[in-house]
Structures are given as structure tokens and as C-alpha cells.
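The values are calculated or read from the model by the stated rules, or taken from the named source; none is laboratory data. Computed from a prediction, not measured in an experiment: that's the story for all the values here. Note that we place each Cβ from the backbone using ideal geometry, even for glycine, and neighbour counts take in every protein chain shown.
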Amino acid sequence: MTTMQTSDHARHLLREMLRVRRFEETCAEMYSAGKIRGFLHLYIGEEAVAVGVMQALRPDDAIVATYREHGHALARGISANALMAEMFGKQEGCSGGRGGSMHVFDAAARFYGGNAIVAGGLPVAVGLALADVLAGRQRVTTCFFGDGAVAEGEFHESMNLAALWKLPVLFLCENNLYAMGTHIERALSQQDLPAKARTYGMPADSVDGMDVMAVEAAAGKAVASVKAGNGPCFLEARTYRFRAHSMFDAELYREKAEVEEWRKRDPIVLLRERRRIGDAEFAAIDAAVLGEIAAAVAFAEAGTWEPIEQLTRHVYAPAQEGAREPGAS
Amino acid sequence: MTTMQTSDHARHLLREMLRVRRFEETCAEMYSAGKIRGFLHLYIGEEAVAVGVMQALRPDDAIVATYREHGHALARGISANALMAEMFGKQEGCSGGRGGSMHVFDAAARFYGGNAIVAGGLPVAVGLALADVLAGRQRVTTCFFGDGAVAEGEFHESMNLAALWKLPVLFLCENNLYAMGTHIERALSQQDLPAKARTYGMPADSVDGMDVMAVEAAAGKAVASVKAGNGPCFLEARTYRFRAHSMFDAELYREKAEVEEWRKRDPIVLLRERRRIGDAEFAAIDAAVLGEIAAAVAFAEAGTWEPIEQLTRHVYAPAQEGAREPGAS
Amino acid sequence: MSLAPVNRTTYREAVREAIREAIRRDPRVFLMGEDVGRYGGAYAVSKGLLAEFGPERIRDTPLSESAFVGAGIGAALGGARPIVEVMTVNFSLLALDQIVNNAATLRHMSGGQMSVPLVIRMATGAGRQLAAQHAHSLEGWFAHVPGLRIVVPATIEDARGMLWTALEDPDPVLMFEHQTLYNMEGELAENAGPVDIDRAAVRRPGRDVTLITYGATLFKTLAAAATLAGEGIEGEVIDLRTLRPLDMNTIFASVRKTRRVVVIDEGWRSGSLSAEILARVAESAFYDLDAPVARVCSAEVPIPYPRHLEDAAVPQSAAIVEAVRALMPAPVSR
Amino acid sequence: MSLAPVNRTTYREAVREAIREAIRRDPRVFLMGEDVGRYGGAYAVSKGLLAEFGPERIRDTPLSESAFVGAGIGAALGGARPIVEVMTVNFSLLALDQIVNNAATLRHMSGGQMSVPLVIRMATGAGRQLAAQHAHSLEGWFAHVPGLRIVVPATIEDARGMLWTALEDPDPVLMFEHQTLYNMEGELAENAGPVDIDRAAVRRPGRDVTLITYGATLFKTLAAAATLAGEGIEGEVIDLRTLRPLDMNTIFASVRKTRRVVVIDEGWRSGSLSAEILARVAESAFYDLDAPVARVCSAEVPIPYPRHLEDAAVPQSAAIVEAVRALMPAPVSR
Ligand SMILES: Cc1ncc(C[n+]2csc(CCOP(=O)(O)OP(=O)(O)O)c2C)c(N)n1
Ligand SMILES: Cc1ncc(C[n+]2csc(CCOP(=O)(O)OP(=O)(O)O)c2C)c(N)n1
Ligand SMILES: [Mg+2]
Ligand SMILES: [Mg+2]
């Protein structure tokens, strides 16, 4: 992308990463305040991956993500309002409040969740790509998943099927070195992920996941290859989770020092340095972002609870619902 | 093995392959006669693999096989009588008649089936090897499976787990090019199986599965490596199924010519030529083998049906059975 | 009873014809599964379809149940109308995560935004001496899951007609074909087409006892009903057709009349679908009953290989007759 | 009521103590599962055990449910006594093939030669706002499978005592720990040890109605019973403890006395374990009943995220009280 070099674009990338960062810092507060419940998996530290990749996607491309998907949702254009309302469980949320943090959906954005089963989204992504091929549509389906998912059988089956049928899937592995408390070296007998991907016969690459512009460039290359009809691509983004796995994690499995080392490569700080974005400019962007997030919290607060009478909605299509239980007692 | 060069050993290998061949030819007849029912998967053409590999195993090593396991059972030392009786479903069978063709078991021979779920035996083999390591026993568990199993998630998960934990498993892939009617090129995006195995960080090799001595040598090497504590090994035996997948297969998916080509490399014929085993000698061995199989049929015929009153046996351990259903109505 | 000319056909051909019609009728429809193409289908259901429609719409898959079932879900999300064949229910255990955690939940988790118009076909049941790993009857398990619709064609008409109706459903529909039915012969109207999948069918009317079943056991139940008729006991045989949602109206109407119920289910007794039906009757039609509810199910044992043990393990007509006799008042009192 | 000194503890610590005892007592025992080691267990159950016993016996596994559950089966075949932790029942769907087609069938398929002395522990249930993919209650599914034994510790005593008994069982035992119970505090005798897993327990005696449940809903049921007692309705509360095999003697004895039954089950109503219990009562205790059987189960909807909807979806004390009231004769007639 030519715009990539313009500092307008750099500012855009910074703003996008900051939106994710501030949104999630606020989510952590809202969790402590009891406004958000259940599981909350923060993406803080990994913002460059989602933000970088989204730059390479068009509106008609599809996204499949995991339970750690707030960053992807925001970067994809789902409003902070709809997302925060979903985190609160309000019916104004992007999933009507039914899904919560782990199940963000937006049909218009072709954002297919928000899947809480590790590797469960990969086969679905393969199918979305298959539908595009069958309909003769030139699109790519990008599937985000973690290093932990690579050990699952569904990873193997999906990689093989997509490569065998040359389907337009971008397998985007966010390698943050840990699956909950399990380091990749204790999960995979061999940790060179692109090498693994190549044995399926698909092009594979690895990129510094803390460098948003590098991610954008690598994703752009991969998407171009997929759209050129070369079949699926695999891209590993080497990144790190600054926060605990979830709000219940005591982090017994890693050294504080390791976390500190990685924090030095904070993707937001890195971009500021590289692109010389000064304090004043940063403060201005940050203020705007904080305003957006504050508004999102207000929106979620003002949101409404779905009436309990509607409990059994969304199990079957409305048309059906009446007919569904003929003799329901 | 030094004995490998002696022609005694060659005769032994020939006899073993012939036992499998004649046993299964007889099974086909018995199937037409309605004595054997359900599924019957013949190993004819692939005898060199089971026979060659078994030469490399000690009595205390374990075997996990598939539904195409008659050859493995015979080569492992399960008597033709007990095996044929099992095919007939008689209680004198090696599984008491409960399992049939697809579920051959023999605790004494450490033969753990006979699994009819493709790739279902791989995790079990990994566990058997784990038990050996935990108990400090120096044994290898050999797991036979087909090319079709390689696409299953359980293959990926088992290969990774065994390699990660350096468990003494020999993964023996019988690549006969087809999974039912699906050629390996339509099942795997990349068909170099040893290359696949190496990405798990385990040594892998490929051998001519029609050459029993080559198989024996390759298996010997692999078993030695595993027993030396180097962790699991993968060995591909390139072979071919001369008969239909099962008795219900119309073989629409392959050319007769292809089958004929492979029949020229019949492992029994190959060994006879290589080791110059003349007609007279062959006839003598064959006669003995045919006698053994005929006796097995007689044994199975004379076998008895388990009384219907015993229907619910073998669901739980006997001790338990009484206690099992306190208020069973 | 249609007046149109009828042809002799088989259950297998009826399913094939239904697939053929669906593919012809809707460009979004395709069939995918293990060996559905070149092999012709493990039960020869799709034989000839590859030649007719080509590999794009008759897709052979690798042995990857989780991936191709999940791909069916994704393709449905993407606007296609996939028919996914899982060779047998025994292998569907490898795809349960996709079916239960994705197909059944996506509409709900997305607040109604996502729709999964997917049909999954599988062969089910015992009866061919395939032993413990190849003889499961798990329809009842799937009928437990909100978000799924479960249909079981027992007749040639339903084998021919249920698929299109299922494909028109905006939600995932699982169709179970009993492996002993494929060779069943019968007549089918030339103009046979889609059938409703909302109602159970009374396959034989009767006043004395309600016999509720589905799938292949329908025919064992009808045979039992014939025997019982010889003894003056008129059984009303109900073919559920759809296991989720259950058509309780048809069941309750029959029970109000007969005041006796026997459910025949090839699943293992404990926790099979039969339990749900007996429970609903005992909950909502308790005062209509003149006798305890009863059922004839498979014994609580993995299906054994030998014919005599397999026959003893699954429901047979004789056992159904026995169960009914035990429910009827002593002859003297009649 | 033991006379030995008692300590205050939690359900979580009781499970941990049971694991610790088993590993100390039998060199063949080891624990394996996702994050059971360095992380300390998703529910902190195994916290500290890695340091105490080392990585050989407290094994962290990769995310490979099918492989490590299958490896547990193989290890059991090989003479070990594995405790496999599947983090939650939601993920066990990925291991169902190994559990149903191998663990449950190997003894049978081998004509009694093979034994799988394996214990699989999993967290289960809703109640923590984890939404549709993380709130399943599928105990009833597993209770359908011959060859498996299913136990559900609801109390601290059972959390402490069931594991060892399960490990001594020569067949596979699945143990379900409701995720809302781990923080439950209570007293435990210092000398608490193994408990039987063959019998259901009457947790509260009563004459008017039999309330049958298991797991976390036991406490909602006891609360309901207390409320009902205030209205003069004495509920007898039965904790099933073991879902397969069911201890029907205890249930029938109670029903003969109370003549009324309500089953409380967190599973989705249709096809949940509650159906099997109601069916057995209606089959075998029909003439003991003075009212229709009844049940309080989860609504037929994937569990929604918001607290108010999740609470509305799963059984609550108020609903149990309502269900019982509806079964009792009108006050006038008492
Ligand atoms: C099939 C399955 N097993 C286990 C879990 C529990 N779990 C949730 S997240 C997680 C770790 C996943 O790690 P990774 O794939 O690297 O993603 P990350 O959390 O690091 O982004 C685990 C084990 C799950 N959700 N699904
Ligand atoms: C999980 C599973 N899916 C499908 C089947 C049906 N099936 C039985 S054998 C077979 C082909 C297996 O091929 P391969 O692994 O190459 O072994 P081969 O038969 O060639 O020896 C299939 C698809 C099965 N038994 N298990
Ligand atoms: Mg990770
Ligand atoms: Mg093969």
C-alpha cells in the first residue's frame, strides 16, 4: 500500500492500536466493577497483529476469530459502543448481549465470531472460503488463532483441507508463546510454525507481531497471494500477551522479567518511536480515543437488558419458532 | 539381524506371508458361504508389511492395529484357529467371538486390536508407550495405520504428543495409496509422509512395502532407534491392496491395469524370486500352510455359539457386574 | 395415496433422487463427504452423481470429520446449501464439537444474525454384524441439543421427500438413515416430492395401545402390530419422523384414545430417546394412562458381532409383542 | 457423622487432597491434562501438585483432547492408573470418539481380556456467565453409554472420597465437578477417605415428595425443600451421586413413601438424565404415584451470557418450589 508510508497512515495505525489498548484497559476496570462478567481475555500487547492484518482486508472479506477478539472487532470497524454493550450483556450489543466477550459477531462486517473452542473456528473459516469459491466470489477469509490451537486435530484437518482444495484462507497464527500457562515448547514437539504449514504445501511466513507495519506488509503479501488464486497462506505473528490469560490467571508459569522484556517492545511505543509521533500529537489522539471509549461505556451503561420473556429466542429462525414445538408442553 | 541372510529365515518369511495369504483367501470363501459376516477387509498384497515388521518386535512389545489386521494377528503369533473362530463369531475366538474380523485382541500377545475407527488406535498406542515409560519398561509399541488416517486430527495430535514426550512408539503407516476409494492425492495436500512426520521432530523413513526383507530391515532400524530412547519413529511402507476395500466395494475408483501392475510386485512372488525358492519347496510350504488353514476352518466350524443368556457380559468387570445395576429393573 | 403413476424403487434410490433433485433445483446445493464421489458412497447412495454433476458439487473429502462438517457449517454461513454426508453416526463423534458448539449455537451466540442452513446426513443403527464401533444408534443424543432439528426417514416417501424440506430450513437439520433400510423396496409415486417434517405419522391406526417408534424399527413394530391384531389387540403405530422437535400432539391424541404406550427405540435403553417420550407422557398424559408406560430398547451392551447376539441386543418384533401383552388387562377382564 | 476432628476446607481442596492421596498411595497413579501443572489447573484444583510430585506424575498436555484422553486409555491398558483431567465437559466433545468407541468398548470387543481402569475428571455446568460454548451439562449423555461409570460428587465428602474408589474400579469412571462448587466451604473429618460410589444418598428425609437431583443443583433443591417445609410440605432430597448405574432401589423406596417425584437436572430438558429417571419411575413405580411425575431442567436454549438470562435458563429454587406446589393436593383436601 502506498499510503503505508504516509504519516497519516501511521497516525491511523497508532489510533487503531490505541483504541484497542484503551478499550481493554477500560474493560479490565469494568470487570473489577462487576459490569463485565464471565471470562475476559485481554489482547493488550498484541494490538499490532489485528490492526496490521485488518489493513490488508476489504469489506467483503471474512474474519473468524477467537475468544480474544476485541482488538479484531474494533480494528474491523465494529463500533466501540456495540462492542462494549456486548461486554455488558446489553441487548444493544453487537450480538444482542447473548454472546458477551467471547462471542462478538457482526454480519455486516462479515465478522463470524468470537469462538471459545480453541481451533473451533478453523473448519468454519475453511467453509466460508469454500462458499466463496463455489459462488465465484473473489474474497479471502482470515482465520485468527493462537499457538495453542496448532496442537489440535482441527488445525491439521483444516490446513490440509484448505490446501488440498486451494481455498482462499489466510491462517493467521498469533504466537504469543503461551496457551494459558503452557509454553509452546511444552506443547509442540517442533515449534517452527511456518515449517509445519509448508508440509501442507502452502506458502508460509513469519513476522514480528509487535511491528504493526511489518504485519500490515506481510498480511498484504499473503492476502495478495491468496486472492491471486494460489490457495491458502499461513502467517505467524510473533507476539506476546502482556496481561494474564484471563481475569482468573495467577501467572505462576512465567517470570515477571520475561514480561518486562517484551513490554519494551510494546507495539504502540515501537510505532511512536519509528514514526516519530511526538507527545503532543499522541496526547491529542489519545484524548480522542479516551473520549470514544468513555462514550462507549456510557452507551453500554444506558443499554437495556433483554426481557426474560425472550429467553428462548435465537434458538431457531423466527419463522420456525412457532412451528418448532408442535406439542410443546 | 544376521539370521536375515539365512535361507531358513527366508523360508520363514515366505511361510508367514503365505499363511496370511491363504488364511484370507479362505476368509473370502467363508464370507461367500455366509460363515463370516459384517465387514471383511482383506490384507492380500500387503503381507510383507506385517510379516516384516513383526520380525523386529519382541514378545513384550505391543501392537495396535486396524480393522485390516488379520495379517498382523497371524504374524504376531495368534493362532489361525483362534483367529478363524473369531471371524466366525464363535466363543473359541481370540476375542470370544464378540469382536469379529475388525476386533482381534490377544492380551498374551499384547495385541490391542483391531480398531474400526480410522486413526482411533493412535492415541491408545501413545498411552501404551507412556505406561511403559512410567513403569521403566524398555518396550516399543507399534501402531499400524493407513494413509487415510494421516488426514485425521488424531494422527496429528498423537504424532505431536509422542514426539513431545519422546515416547517409544513406532508409527507404521501402510500406504496402499487408497482410503476406500479415495486416492492419497485427493486426500492429502502433500503426500510425502516421512516429510510430514519429520516436522514433528521425529526420525522418519519410507520403505518398499512389497519387499519383506527391506521392511524387516527398516523396521529393525526404527525399533532400535526407539529402544535406544530417541523417542518415536515413523515408517512408511509403500504397498498396495490387491483386493477390494471390503466385500461391498465395486472398485469404481481404480483401473484394473493399475492393480495388474502392482500384482507383478506380489510380495510372495518377489521373495521367491529373490531367494530362489523353487516350486517343490514352495509346494511343500504351501501344503503345510493350507493344512493349517483347513484345520482352522474345522476348528471354527466346531466352535460354539455363546449362550444368549450371556448377552450383557463383558460390559463391566465381572466382580462389578452384580453390583453394577443396584435397582436394575 | 396419490393417483399419479407409481414406480418400484428402493430407499437408496429415493435418497439419491432427493439429492439429485436438490442439486438440480438449487445452484447453492452441493454434497460433500467421504467417498461420496468416485467410490459412489459407502452405501452406494451417491453412485453416479459425480459423473452427473462433477467434482465441484459432489466433493470427496479426506478422512477429516471435524473439518468437513465444520466446513459445511462455514459454507452454510457463507450462503451455500451444503449436504454433508458423515458416512455413519459412529464417526460423527469426531465432529460433535462442530455440531454442538458451532452449528447449534451460532444463531444464538450472534443474537440471531447468523444462520446455518446445513443438512447433515448419516447412516445409523445396527443389524449388519458390524460390531461395537459400527452399530451405534445415537439419534437421541442429537435430539437433546437446542438449535438442531433431527429427522429420520423410515419410509421411501420420506427418504425421497425430507431432504428438500430440510434444505429449506434456515437451521441445521440432521438426517439419520438406518443402514438396514437402503435395500428396502417399495412403490413411489412418479410425482413424489418434498414432504413436511413437522408432524409424526400414524402408520397404523388402532384403539388398544400406542406404539411409538422411528426409523428401521417401524417395520418390526408394524409386524408386531399385525401379530397382536391376530390376538385382538389393535396397536396404533406412530412413526415419529422428526425427533426434535417432537410432535407431542399426535402422541397425546393417540394416548388419550388407547390409554397405553410402548416406545420402541434401537438406542441403549438408559437415556435413549424413549426415555424422553415416556417422561413427557408421564408428565402430561398421566391421567390418560390405564397402565404403566413401557419401552423396548437395545440391551445395555456394546453391539456384539455374532448374529444371534446382535439380534438379541436390539429390539425385535417378538419382544414388542411381549411388552404389549404385558400391558393389556388379563383376558378374563375383557 | 464421624467423631474424628473436622477441618474447614473447600470442595477444591477436597479434590486436590484426593488426587494427592491417590498419587501417594499408588505409584501407578498420575494426573494428566491441560494446564494441570505449571498453571495450577484452570480451577486451581491441582495447584502445588507439580512442585510436590514433579512433571512425570503431574503432566501438562498440549491442546489435544482426543490424543491425551486416548493416551489415558492406552496407559490404563498398559497397567497405569491415569487420572485424566479434561478441563471442562465442553471440550470433551473433542474426545468423545475415544471415550465412546474405545474406553467404553475395549473390554467388550476383546471378550473381557482388556480392562481400562481410567478416571476422567471434568468441570461441568453453567452459572458463571461463560455463555453458550462453556456452560454445557452433558452428564446425561455419558450416562447413556454402557461400559462407563458416571459419578458426580456434590458434597465435600464426596469430592474427597469418590476419586480413590473410582481409581480402584477396573472400568472407566467419569467424574463431573460442577464449576460453581469449587469455592464451596464446609467441614471435613480429618480422617475422611474413600466413599462408596454405588448408592444414592438421602440428603434430607421427607414424607411428601421425592426430589431427585445431583451435582450443584443439590443445594438449590435443599433450599427449595427448606422453603417448602415452611409450608408444611416435607420433601425428601435424593442426591444420585452415581448417574450410571442408577441406584433405583433408593429412588423406588422413597417414591413408595412419598408417592410424588420431581427430578431437578441442569441439563436441557429434552433428553436429559431427568427423562430417564421419570421414565423408570413411570415404568416401574407407576402404581405408587399419586400425581404425574415432574421435572425442573434447563430451558431449551444455549446458555446466554447475561446473568439474568443465564439464571432464567437453569433450574432455580423458586422453580423447584413451584413445581412441587403444583404436584401437591389442594390445601382444602389436606
Ligand atoms: C478445545 C479447548 N480446549 C481447552 C480450552 C481452554 N482454553 C481456553 S484458551 C486456552 C489457551 C489457548 O491458547 P492459544 O491458542 O495460544 O491462544 P491465546 O489464549 O494465547 O491467545 C485454553 C487451553 C478451550 N477453550 N477449548
Ligand atoms: C473415523 C472414520 N471415518 C470413516 C471410516 C470408514 N472407513 C473405514 S476404512 C476407511 C478407509 C481407511 O483408509 P486407510 O486409512 O488408508 O486404510 P486402508 O483401508 O487403506 O488399509 C474408511 C473411510 C471409519 N472407519 N472411521
Ligand atoms: Mg497463545
Ligand atoms: Mg489406505
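Structural remarks
- Scanning segment A:125-145 for residues that are crowded, with 24+ Cβ neighbours inside 10 Å and over 14 Å from A:P232 (Cα atoms) gives A:A131, A:F145.
- Every residue from segment B:115-127 that is under 19 Å from B:S95 (Cβ atoms) and facing another protein chain (nearest Cβ under 7 Å): B:A116, B:I117, B:G120, B:V124, B:A125
- Within segment B:147-166, restricting attention to residues that are within 21 Å of the chain's Cα centre (by Cα), of a type in the set (A, V, I, L, M) and more than 7 Å from chain A (Cβ to nearest Cβ), the residue that is farthest from ligand 2 (Cβ to nearest atom) is B:A162.
- Among the candidates D:P315, D:P329, residue that is part of a loop (DSSP other than H, G, I, E, B) and at pLDDT 95 or above: D:P315
- Residues of segment C:243-262 classified as among the hydroxyl-bearing types (S, T, Y) and surrounded by 24 or more Cβ atoms within 10 Å (Cβ to Cβ), total: 1
- Unique match (being in contact (Cβ under 8 Å) with a residue 12 or more places away in the chain, over 17 Å from D:I150 (Cα atoms) and not polar (S, T, N, Q)) among D:M114, D:M122: D:M114
- Scanning segment A:181-198 for residues that are more than 13 Å from ligand 1 (Cβ to nearest atom) and either small (G, A, S) or crowded, with 23+ Cβ neighbours inside 10 Å (or both), we see that the one that is nearest to A:E251 (Cα to Cα) is A:S189.
Results for (1) farther than 24 Å from C:V100 by Cβ; (2) within 16 Å of ligand 2 (Cβ to nearest atom); (3) β-branched (V, I, T), shown as yes or no for each residue.
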residue	(1), (2), (3)
A:R37	no, no, no
A:V49	yes, no, yes
A:Q55	yes, no, no
A:V64	no, no, yes
A:H70	yes, no, no
A:L74	yes, no, no
A:G77	yes, no, no
A:L134	yes, no, no
A:R137	yes, no, no
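- Qualifying position, being at positive phi and not polar (S, T, N, Q), among C:A189, C:A166, C:A131: C:A131
- Residue tally, condition under 24 Å from C:R256 (Cα atoms) and either touching a residue at least 40 places away in the same chain (Cβ under 8 Å) or within 14 Å of chain B (Cβ to nearest Cβ) (or both), over segment C:275-315: 10
- Among the residues making up segment A:164-180, those that are out of contact with any Pro (no Cβ under 8 Å at 6 or more places or on another chain) and more than 9 Å from ligand 1 (Cβ to nearest atom) are A:W165, A:L172.
- Number of residues in segment B:166-189 that are without any contact (Cβ under 8 Å) to a residue 40 or more places away in the chain and away from ligand 4 (no atom under 13 Å from the Cβ) equals 1.
- Single unsatisfied condition, A:A244 versus (1) within 16 Å of ligand 3 (Cβ to nearest atom); (2) small (G, A, S); (3) in a loop (DSSP other than H, G, I, E, B); (4) buried (at least 21 other Cβ atoms within 10 Å of the Cβ): (4)
- When segment A:102-117 is filtered for residues that are in contact (Cβ under 8 Å) with a residue 60 or more places away in the chain and in contact with a strand residue (DSSP E or B) (Cβ under 7 Å, 6 or more places away or on another chain), only A:M102 remains.
- Segment D:1-32, residues that are in a strand (DSSP E or B) and in contact with a helix residue (DSSP H, G or I) (Cβ under 9 Å, 6 or more places away or on another chain): D:T9, D:T10, D:V29, D:F30, D:L31, D:M32
- Scanning segment D:177-214 for residues that are of a type in the set (D, E) and away from chain B (no Cβ under 14 Å) returns D:E177, D:E185, D:E187, D:E190, D:D208.
- Residue in segment D:159-173 that is within 12 Å of the chain's Cα centre (by Cα) and among the basic types (K, R) present: no
- Screening C:R256 against (1) in a strand (DSSP E or B); (2) more than 8 Å from every other protein chain (Cβ to nearest Cβ); (3) among the basic types (K, R) leaves a single unmet condition, (1).
- Elements of type helices (runs of 4 or more DSSP H) contained in segment B:8-103, each with 2 or more residues being within 27 Å of D:A76 (Cβ to Cβ) and touching a helix residue (DSSP H, G or I) at 6+ places or on another chain (Cβ under 7 Å): B:47-55, B:70-76
- So C:S92, is it touching a Cys at 6+ places or on another chain (Cβ under 9 Å), without any contact (Cβ under 8 Å) to a residue 60 or more places away in the chain and not hydrophobic (A, V, I, L, M, F, W, C): no
- Qualifying positions in segment C:97-130 - closer than 29 Å to D:G111 by Cβ, aliphatic (A, V, I, L, M) and not in a strand (DSSP E or B): C:A126, C:L130
- Within segment D:141-170, restricting attention to residues that are within 20 Å of D:M114 (Cβ to Cβ) and away from chain C (no Cβ under 14 Å), the residue that is surrounded by the most Cβ atoms within 10 Å (Cβ to Cβ) is D:A166.
- Per-region count, segment A:172-181, residues near ligand 3 (Cβ under 9 Å from one of its atoms) and at the interface with another protein chain (Cβ under 8 Å from one of its Cβ atoms): 2
- Matching option when the condition is crowded, with 23+ Cβ neighbours inside 10 Å, more than 14 Å from chain B (Cβ to nearest Cβ), among the acidic types (D, E) and closer than 30 Å to A:G99 by Cβ, among D:D265, D:D239: D:D265
- D:D60 being within 16 Å of ligand 2 (Cβ to nearest atom), among the acidic types (D, E), within 14 Å of chain B (Cβ to nearest Cβ) and without any contact (Cβ under 8 Å) to a residue 60 or more places away in the chain: no
- The lone exception for B:I78 - which of (1) surrounded by fewer than 24 Cβ atoms within 10 Å (Cβ to Cβ); (2) over 13 Å from the mean Cα position of the chain (by Cα); (3) free of Cβ contacts under 8 Å to residues at least 40 places away in the same chain it fails: (2)
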